[in-house]
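The structure under discussion appears below in the form of structure tokens.
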Amino acid sequence: MKKFYYHPILLAAILVGFIASLLIGMERHEVEEDTRTVELAIDYEGLLELAAREGVPAGEVLARARKAGITSLAVYETTFKKFNENGKASAVPGADILAAYHTGTLTDPRWRALVEEGKIVGTEIYVVVHDPVIAAELKEDLLRRFGTQRITVLTVGTDEVIAVKDHYESFLKRNIGLPTDEMRAVNAAGFDVLARPSNYAACTPEDVHAVFQRMDGIAVSAIVFSGQETLGAPKALQATIDEMNARRLTLGLIEGVTQLQFYKQQGMDEIAKGIGYDRVARLYAIPQDELKKLKIADAVERWETTDEERNIRINLLRIYEEPAPNMTLLETNMKYFADTRAALEAKGFHIGRAGTFALYAPSQMLRALVIMGVAAAGVLYLSLVIPALNRRRKAVLLFFAVAALISMMPVLIGAGSKVRIVAALLSANLFPALALVALLDLLRGRRFQKDAPTWRILVAGLVLLGITSALSMIGASYLSGALTDTRYLLEFDIFRGIKLTFVLPMILVAVAFMQRFDIFDGQFDASAGVLGQLREIMATPVRVGSLLGGLVLIGALIVLVLRSGHTSGMPVPGIELKMRAALEQLFYARPRTKEFMIGHPAFLLALYGAARRWRTWILFGLVLAATILWRRLRWEPVEGWLVDERVETREMRVVSTTYYWRWTLGGREYEASDLIPAFLDAPRSRGRAHTLWVDPGDPSRLLPPSWRERLAVYLLWAPVALSVGLGDLGWRWEPGMRLLSLMVSHPLESMLALGTTAACVELWWSRL
């Protein structure tokens, strides 16, 4: 039987790297917790609309909003649609002027003279402004956006009229620059300006400077660009960076609907890098169509959870368009603002200009030690699948020294971004494979007796499942340690390679298995090695049935990979949806379908098969299936609502309550049931917002708000359930027997506790 040596120096290097990754994780946590200032903003136009709808002076509404906690008002570029509505300027189609002339309703002799001189063209638009400041701004911006070839300035008496060659309906919607009068009015009311500029076509540095010149003397809290481009994109970004640096302005990034990264705007990354990531804040806004469905208390709770769980630091509120019961529309919105501020302050937040992450990057030494640990893991794996290398221990050390030096040097000199990405990818794939390889070697040296009782095999399987899971989870810490910095905290960069983590560990484990076992005859020490067995496989005659079976397996693997993630587009079969619904009824937290239905059973079945001396090729397939157990851990917080609850009773005593949760991720709505045992406190109000945890790879997979409390209970309850179960199998342990009455009184809770412990442990680990 081949024996493989686990070099202690490699194991020590992995341990050192693991400790370094934990230290980085703690530093990251401190950085995330150090920023506790939240900016409460609302659209300036929203408050003006509120004042108009309530018939209250705008100044009064602004004063009440400031008192309620609003710190900044978002000012957007104006449009001629707004000008036509507020009367500050007018845009009239030439066709309307000519129609008025011919019908005799154009009485102003100056306009009649322009028509008679042929200066009025039906396809052009004529802009009239009486305020000299607004007129100057409009003229400047129109010339920048349209150029001198499409702009003509006419004189009507003492007034200037700007003629524009454009389509009228499109012209009304075009952005016409930030209005300085509105920004000054915002400052005069005691608010900061949250500026929302848009980009110019073929933007030049002069265009950028003109935009920022309008902000001179204006108190601006942050810049949040409107549209699909940042100001200055693509060729004048440096001008934007210089202007923002000169004014020390914060860049606000709008969170994407998938809660992964941000709404993509061309030039966003370059500006963030140019001004420094320590001047970047995350912004979130509740969509208006969602807000109208929420009660004030629910919307307030959403802001609590959003700021707490996702590090949002600019809350862009919207006004309620319908009043709450027994309140006016103005009272409704002021209560919304005030309650949001009070709730955030109760959570330990400060209200003011948006807080930003400190510019954080782990020490080069810690990060280098993480890279070293990954290199050690890679060399260890190679030594465990290449017998010739494993026998030459000095060569293994030399290989490790060279690999560690080459991979660590870029990091030590302050570079190595590509090395870190590779290290993260290797961490996500190597450690699950090493966990199973270690298990294979353990089982080869400690075989069960052929007549070992089933319960003993089951207990051993559960213990080994826990051990291999713990070893695999080391990879999650390594992954975090390799990638953690401000760019990843802000999600400019995210981990990529999820689909590869489904396939590569299988390949790595398959290679290790074929080095240890002969998958053809089960002779442990007579294997021809990987290449030899592959040659035998390629030379084996294939029957039609075997070919069809192989195609089915390949198809299943393709589906497994493509179904990962919530944006794959592959539909979910109806039978799987029914199975998920059943699991949601059975378990508090529905386990991952692939792991629960394939990985866990395959792991335990492989162990049972090894004990019962099954054919090696069967064990080979089961071991590969078991690798589905260990995937990269990632849980994301989302806001969810309790939409229904049903209380079930047994013998006049409450046993459990079924809750129905609803949440949205990636623009898709999900709903799941949640069975809560009687011994746990649970939320009681319908429609109330809560923080739910979902798996982005499977957004229908839910962990409820009380996962921490449940984990504590489950970890205490699991040994109880296991001891009683073993007693039923014939294993007698008196304390376990004394707990039998407790298990009988709560059979449902006992069964479900074991089923959800793994999911809760996943979340706990991923939050470290």
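The values are calculated or read from the model by the stated rules, or taken from the named source; none is laboratory data. As the structure is a prediction and not an experimental result, all values here were calculated from the model. FYI the Cβ positions are ideal-geometry reconstructions off the backbone, even for glycines, and counts take in every protein chain you see.
If you take the residues in segment 364-408 that are closer than 27 Å to F513 by Cα and polar (S, T, N, Q), which one is surrounded by the fewest Cβ atoms within 10 Å (Cβ to Cβ)?
That would be N390.
Going by the structure shown, is A195 under 25 Å from G232 (Cα atoms), among the small types (G, A, S), crowded, with 16+ Cβ neighbours inside 10 Å and not assigned by TED's automatic domain parsing to the domain that holds D96?
yes
Go through segment 167-195 residue by residue and tally those that are touching an Asp or Glu at 6+ places or on another chain (Cβ under 7 Å) and either of a type outside the set (A, V, I, L, M, F, W, C) or assigned to a helix (DSSP H, G or I) (or both).
3
Can you name every residue in segment 166-212 that is among the aromatic types (F, W, Y) and modelled with pLDDT under 95?
Y168, F171, Y200
Out of A12, A58, A65, report the one residue that is crowded, with 20+ Cβ neighbours inside 10 Å and out of contact with any Ser or Thr (no Cβ under 8 Å at 6 or more places or on another chain).
A65
Kindly indicate whether any position in segment 352-364 is of a type outside the set (S, T, N, Q), outside any loop (DSSP other than H, G, I, E, B) and either assigned by TED's automatic domain parsing to the domain that holds F517 or touching a strand residue (DSSP E or B) at 6+ places or on another chain (Cβ under 7 Å) (or both).
no
List pairs: first residue in segment 151-166 and farther than 17 Å from R110 by Cα and in contact (Cβ under 8 Å) with a residue 40 or more places away in the chain, second residue hydrophobic (A, V, I, L, M, F, W, C) and part of a strand (DSSP E or B) anywhere in the structure, Cβ distance under 9 angstrom, at least six positions apart or on different chains.
Correct list of pairs: V164/A91; V164/I125; V164/V127; V164/I151; K165/I125; K165/I151; D166/I125.
For segment 19-37, which positions are at pLDDT 85 or above and more than 19 Å from T250 (Cα to Cα)?
Correct list: I19, A20, S21, L22, L23, I24.
Which pairs have Cβ atoms under 9 Å, sit 6 or more apart or on different chains, and link a residue in segment 1-27 that is under 12 Å from F400 (Cβ atoms) and in contact (Cβ under 8 Å) with a residue 24 or more places away in the chain to one that is of a type in the set (S, T, N, Q) and buried (at least 18 other Cβ atoms within 10 Å of the Cβ)?
H7/S383; H7/N390; L10/S383
Run down Y336, Y381 and say which single residue is more than 31 Å from the chain's Cα centre (by Cα), in contact (Cβ under 8 Å) with a residue 40 or more places away in the chain, assigned to a helix (DSSP H, G or I) and over 27 Å from L249 (Cβ atoms).
Selected residue: Y381, the only one of Y336, Y381 that is more than 31 Å from the chain's Cα centre (by Cα), in contact (Cβ under 8 Å) with a residue 40 or more places away in the chain, assigned to a helix (DSSP H, G or I) and over 27 Å from L249 (Cβ atoms).
What are the residue pairs meeting all of these: first residue in segment 79-107, first residue over 30 Å from P197 (Cα atoms), second residue in a helix (DSSP H, G or I), Cβ atoms under 6 Å, and 6 or more apart or on different chains?
Close Cβ pairs (under 6 Å, with a partner that is in a helix (DSSP H, G or I)) amount to Y101/V115; L106/A100; L106/R112.
Consider segment 438-450. How many of its residues are hydrophobic (A, V, I, L, M, F, W, C) and either modelled with pLDDT of 80 or more or outside any helix (DSSP H, G or I) (or both)?
Result for segment 438-450: 1.
Test L330 against the criterion of being touching a helix residue (DSSP H, G or I) at 6+ places or on another chain (Cβ under 9 Å) and within 30 Å of I24 (Cα to Cα), and give yes or no.
For L330, the condition - touching a helix residue (DSSP H, G or I) at 6+ places or on another chain (Cβ under 9 Å) and within 30 Å of I24 (Cα to Cα) - is not met.
Among the numbered criteria (1) surrounded by 18 or more Cβ atoms within 10 Å (Cβ to Cβ); (2) over 28 Å from the mean Cα position of the chain (by Cα); (3) closer than 21 Å to L47 by Cα, which one does E243 miss?
(3)
Counting only residues that are not assigned by TED's automatic domain parsing to the domain that holds P197, give me the helices (runs of 4 or more DSSP H) lying completely in segment 26-101 with at least 3 of them.
Output list reads 80-86.
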